[in-house]
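Heads up, the thing below is written out as structure tokens.
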Amino acid sequence: VGLFARDVTVCVVSSGSGGNCTYVGDAHAGVLIDCGLATKQVMARLAEAGLADAPIDGVLVTHEHSDHVGAAGVLSRALARRGKPVPFWMTAGTHEALDPRVVPDGIELVKAGSTVAVKHLKAECFPVPHDTKDPVAWRVHLGSVTVGVVTDLGRSTKLVVDKLRGCDIAVLEFNHDEELLMSGPYPYWLKQRIKGNHGHLSNGQAQGLLADALASGPGSSRLKTLILGHLSEENNRPEIALAACRATLRAAGVRDEIAVHLGLQHAAVAPIRARTELW
Ligand SMILES: [Zn+2]
Ligand SMILES: [Zn+2]
């Protein structure tokens, strides 16, 4: 085992209730976390981001909502035609609840809390509270760099705080502004679902989770880059979410140490790179 430097690339291809997909990889291996927008869009956006030839060795599915797994069937066949059938990892609960029209080839079941190897990448899933059968969030470990995607959860948990704290780069849900949600056009039942313990994180809840992750204590935070994700187009505003995030970073005394980006629904975010040196 030698000691080399390798560039890790993270590209949020799409984020929001209209479709979610994030690429994490290096020159030799990579994964997609979720595939909730059309395969053509995934491929076009990766190409626009300069990642047309980036390796895709697996797809990590978080849960069965169509904005996370809607393209799984088509994507699995498209990757196979490219010459490379890949495994789609998901929990048994997610598998059971999948819409039969989107079932991919190459399903591999994982237990929430377990880690799978994708070439030299390690992909780890952990449970989150969301209104689906067995939802998880994923972290990908590439050498010394850990990348996490933490969206679609109704509340913070101690486990989620610990997992976020261990990420160098994280996508974190800032779904809605509570006032915009309550005064907005959604029907009452949907407002209650989004607000509920198994719905989505409000800006305020995301701030609380982030503040806990940044709090000093045993195993202090590794966070260097944050991407705000799964913003509601109806019930949030980018500037409100960004201001909320920055206020939390300022209060924690790390405003200048952590780069903040905004995940987008309609375009890929410019790839974020990090260097890993431990192999
Ligand atoms: Zn979602
Ligand atoms: Zn969901």
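Remarks
- Pairs exceeding a 26 Å alpha-carbon distance, out of 40/158; 84/224; 133/158; 158/224: 40/158; 84/224.
- Think of each Lys and Arg Cβ as +1 and each Asp and Glu Cβ as -1; about the Cα centre, that makes the dipole of the chain roughly 380 debye.
- For residue 27 and residue 119, the difference between the fully extended length at 0.36 nm per residue and the C-alpha to C-alpha distance is 31.9 nm.
- For the range 107-196, the fraction of C-alpha pairs farther apart than 19 angstrom is 48 percent.
- Taking Lys and Arg as +1 and Asp and Glu as -1, the other residues whose beta-carbon sits under 11 Å from that of residue 68 total -4.
- Set of aspartates and glutamates with alpha-carbon distance to residue 122 below 17 Å, sequence-local pairs under 8 removed: 7, 26, 34, 57, 108, 168, 277
- If R0 is taken as 25 Å, the Cβ-Cβ distance between residue 82 and residue 275 corresponds to a FRET efficiency of 0.30.
- Computed from label points 7 Å out along Cα-Cβ, the spacing between residue 52 and residue 7 is 1.7 nm.
- Springs between Cα atoms under 10 Å define the GNM used for the chain, and in it the highest mean-square fluctuation of 159, 226, 32 occurs at 159.
- Charge tally for residue 249 (other residues, Cβ to Cβ under 10 Å; Lys, Arg +1; Asp, Glu -1): +1.
- Computed from point charges on the beta carbon alone (+1 for Lys and Arg, -1 for Asp and Glu), the dipole magnitude for the range 111-264 about its Cα centre is near 460 Debye.
- For the range 91-97, backbone phi angles converted through the Karplus equation (6.51, -1.76, 1.60; θ = phi - 60°) give residue-by-residue couplings of 6, 4, x, 4, 4, 4, 8 Hz, Gly and Pro being listed as x.
- ³J(HN,Hα), Karplus 6.51/-1.76/1.60, whole Hz, each residue of the range 265-270, x for Gly, Pro: 7, 9, 7, 6, 7, 3
- Computed from point charges on the beta carbon alone (+1 for Lys and Arg, -1 for Asp and Glu), the dipole magnitude for the range 1-64 about its Cα centre is near 100 Debye.
- Accessible surface of the range 48-148, 1.4 Å probe, proportion on carbon and sulfur as whole %: 52
- Dividing the summed -39500 (n - 2.57) terms of all DSSP H runs of n ≥ 4 by the residue count of the chain sets its mean residue ellipticity at 222 nm at -8000 deg cm²/dmol.
- On a per residue basis, the chain carries 42 Å² of accessible surface, using protein heavy atoms and a 1.4 Å probe.
- Cβ-Cβ FRET estimate between residue 183 and residue 157, R0 fixed at 25 Å, reported to 0.05: 0.30
- Expressed as a whole percent, the accessible surface of the range 149-279 that belongs to carbon and sulfur atoms is 53, based on a 1.4 Å probe.
- Hydrodynamic radius of the chain by the Kirkwood approach over all distinct alpha-carbon pairs: 18.6 Å.
- Shape metrics for the range 169-215, restricted to C-alpha atoms - Rg then Dmax, Å: 11.8, 37
- 9 Å beta-carbon shell around residue 6, net charge (K/R +1, D/E -1): -2
- Distance from the Cα centroid of the range 58-94 to that of the range 109-174 is 17 Å (rounded to whole angstrom).
- Spin-label pair residue 215/residue 38, simplified geometry with 7 Å Cα→Cβ offset, distance in nm: 4.6
The values are calculated or read from the model by the stated rules, or taken from the named source; none is laboratory data. These numbers were taken from a predicted model, which means no experiment stands behind them. Here the Cβ is made from the backbone with ideal geometry for all residues, glycine too, and neighbour counts use every protein chain on show. Note: accessible area is taken over every heavy atom of the protein model, side chains too, but ligands, DNA and RNA are not part of it. Shrake-Rupley method; radii C 1.70, N 1.55, O 1.52, S 1.80 Å.
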